[in-house]
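Worksheet: the structure to be examined is printed underneath.
No lab work stands behind these numbers, since they all come straight from the coordinates. Note that the structure is a prediction, hence the values are computed from the model and not measured. Note that we place each Cβ from the backbone using ideal geometry, even for glycine, and neighbour counts take in every protein chain shown.
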Amino acid sequence: MSKEFETLNKKLIRQFGKDRNVAMATSINDIPTIRIVDTFYLDSSFYIATHESSEKVQQIMNNKHVSLCTNFHEFQGEAINIGHPLDEKNKAIRELLTEAFSNWYFDHNDESDPKMCYLQVKLNTAFTYFNRIGYNVDFRSQEVTRFPFDPKEKKL
């Protein structure tokens, strides 16, 4: 892992390694759908607690490519259903998610429901910024390109 990528990953953990609302876009038959989801970032992935019957999970089963966005931070990746929160393989991430989402997790999720699941969005690319520095990131190659960036000057 390059020093630049490692430093950026630490910034992403500080910014997104907690309960963060982001817009999540999925699509089916070339028709996009977007919704706000609670996410938690860790090591090049965002995690989401949800249900297998949700529209987002149904769409991801047909097209795993998703985008996430919040306040000029844009991420693209591949979403996968990593299974039920009580699966042994999800023990570590469950501990992090129940803590990060502690204000609402057990009020809105029924872990006795076998269809409850976690989504992992494995990031491929991103644009993000911190302190007037923009970063184009390729998570697969762990390459980072830095450049001056002022969000007030970004053209929409």
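A compact table of results
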quantity: Structure-based [θ]222 nm, the chain - -39500 (n - 2.57) summed over DSSP H runs of at least 4, per residue, nearest 500; calculated: -6500 deg cm²/dmol
quantity: Neighbour-limited loop hits for chymotrypsin sites (Phe, Trp or Tyr not before Pro), the range 100-156 (at most 12 other Cβ within 10 Å; DSSP other than H, G, I, E, B); calculated: Trp104
quantity: GNM result for the chain, Cα springs below 10 Å: residue of Asn124, Asn109, Asn29 fluctuating most strongly; calculated: Asn29
quantity: Most fluctuating residue given options Asp30, Asp43, Asp19, as computed from a GNM of the chain linking Cα atoms under 10 Å; calculated: Asp30
quantity: Stretch gain in nm, segment Asp30-Asn71, where the contour uses 0.36 nm per residue and the Cα spacing is subtracted; calculated: 12.3 nm
quantity: Longest DSSP-loop-exposure-free segment, trypsin sites (Lys or Arg not before Pro), the chain, at most 12 other Cβ within 10 Å; calculated: 1-114
quantity: Most mobile listed residue (Ser27, Ser45, Ser102) in the chain, GNM with C-alpha springs under 10 Å; calculated: Ser102
quantity: Euclidean distance between Cα centres, the range 64-124 to the range 1-55, Å; calculated: 9
